[in-house]
Amino acid sequence: MPGNREPEEGATVGHIARAFVVLEYVAEHGSSTARTIADATAIPLPTVYRIAQELIRADYFVHLKSEKRFALGYRLHRLAVGLHQDLAIPQAVRNEVSSLHRELGMAAYLAIHRGTDFVVTFVADSPQFPRLSPMGFGFHESPHATAFGKMGLGTQTIEGRDAYLSGAKLRAHTSRTITDPEVLRSQLHEIAQRGIAWEHQEFQIGTDCVAAAIKTDDGTLIGSVAVSAPVAAYSGRNRHVEERVRACASRAGRAYRLGGHHS
């Protein structure tokens, strides 16, 4: 019946979410008993058993019967190989990002982009010039507040940008976060023109970031190079830092193209 459809969909989503919780718990803690998983995740024991059996049938889990424990299955290796191939970083690119870190005295990053989403795949930092911390909650969910995210948004089509701005809530991480869609729209237009995205204390007070695009021959965004540092570190150096980040991104793009990277 039509009236039953929404609860069924919600129940399915909830079941999938619990399955991921179980899978991630075992991935982080190693082989575990159903009771241990249930106690740690607050998922009812019968549900843990049911999820574990489904994961076993799909080869994502194996059952160590003698120990009465569940462990990761071999099918996950196939997924990991695919991910590593997709995010593979040529050594020449790692070298470029590391050189940028040493040259500027700032934490340097490489991110791989998929539309407005991005994954930070390599960081060059040091105790003197540490990376952004934390890079967890909110970092990927708020592209409007980060140099990486703005780069992804800026390289979208005008229609894509408008769709994001009309559908997303622009969360304020600091008092400097841009939450006015029109102000952000204007900034994204400039980013699209220049291939450079700045973030001035918009995700974390006291820290500025700048990112430059890595593109394929046809202009598709595949990644970005960025640096982060305390605001004072940029004093009188904004143009120099921007030029060095842009040059690094250009060399990284050349290395990707020579390495046969495909987006």
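The values are calculated or read from the model by the stated rules, or taken from the named source; none is laboratory data. Just so you know, these numbers come straight off a predicted model, no measurement behind them. Don't worry about glycine lacking a Cβ; one is built from the backbone with ideal geometry, like all the others, and counts go over all protein chains shown. Quick note on the areas: whole protein, heavy atoms, side chains included, nothing else; ligands and nucleic acids left out. Shrake-Rupley method; radii C 1.70, N 1.55, O 1.52, S 1.80 Å.
Can you tell me which residue among Ala92, Ala40 is in a helix (DSSP H, G or I), among the hydrophobic types (A, V, I, L, M, F, W, C) and modelled with pLDDT of 90 or more? Break it down stepwise before answering.
Details: Ala92 fails: modelled with pLDDT of 90 or more.
Answer to the selection: Ala40.
Checked against (1) in contact with a Gly (Cβ under 7 Å, 6 or more places away or on another chain); (2) under 11 Å from Phe148 (Cα atoms); (3) not aromatic (Phe, Trp, Tyr), Val227 passes all but a single condition, namely (1).
Quick grid of which residues meet (1) touching a helix residue (DSSP H, G or I) at 6+ places or on another chain (Cβ under 7 Å); (2) over 16 Å from His63 (Cβ atoms); (3) open to solvent by 60 Å² or more (accessible area, probe 1.4 Å):
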position	(1), (2), (3)
Gly14	no, yes, no
Val22	yes, no, no
Glu28	no, yes, yes
Ser32	yes, no, no
Thr41	yes, yes, no
Pro44	yes, yes, yes
Tyr49	yes, no, yes
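Any residue at all in the range 70-87 that is modelled with pLDDT of 80 or more, touching a Gly at 6+ places or on another chain (Cβ under 8 Å) and not polar (S, T, N, Q)? Yes, because at least one residue in the range 70-87 is modelled with pLDDT of 80 or more, touching a Gly at 6+ places or on another chain (Cβ under 8 Å) and not polar (S, T, N, Q). Taking the range 215-229 as the search range and keeping residues that are in contact with a Lys or Arg (Cβ under 8 Å, 6 or more places away or on another chain) and part of a loop (DSSP other than H, G, I, E, B), which one is most open to solvent (accessible area, probe 1.4 Å)? Filtering the range 215-229 for residues that are in contact with a Lys or Arg (Cβ under 8 Å, 6 or more places away or on another chain) and part of a loop (DSSP other than H, G, I, E, B), the one most open to solvent (accessible area, probe 1.4 Å) comes out as Asp217.
Against the definition (buried (at least 19 other Cβ atoms within 10 Å of the Cβ) and either in contact with a strand residue (DSSP E or B) (Cβ under 8 Å, 6 or more places away or on another chain) or modelled with pLDDT under 90 (or both)), how does Val97 come out, yes or no?
Details: buried (at least 19 other Cβ atoms within 10 Å of the Cβ): yes; either in contact with a strand residue (DSSP E or B) (Cβ under 8 Å, 6 or more places away or on another chain) or modelled with pLDDT under 90 (or both): yes.
So Val97 passes the test.
For the range 186-214, residues that are open to solvent by 30 Å² or more (accessible area, probe 1.4 Å) and touching a residue at least 60 places away in the same chain (Cβ under 8 Å) total 1. Any residue that is open to solvent by 60 Å² or more (accessible area, probe 1.4 Å), under 21 Å from Val231 (Cβ atoms) and either outside any loop (DSSP other than H, G, I, E, B) or in contact with a helix residue (DSSP H, G or I) (Cβ under 9 Å, 6 or more places away or on another chain) (or both) - is there at least one of those in the range 109-117? No, the range 109-117 has no match at all.
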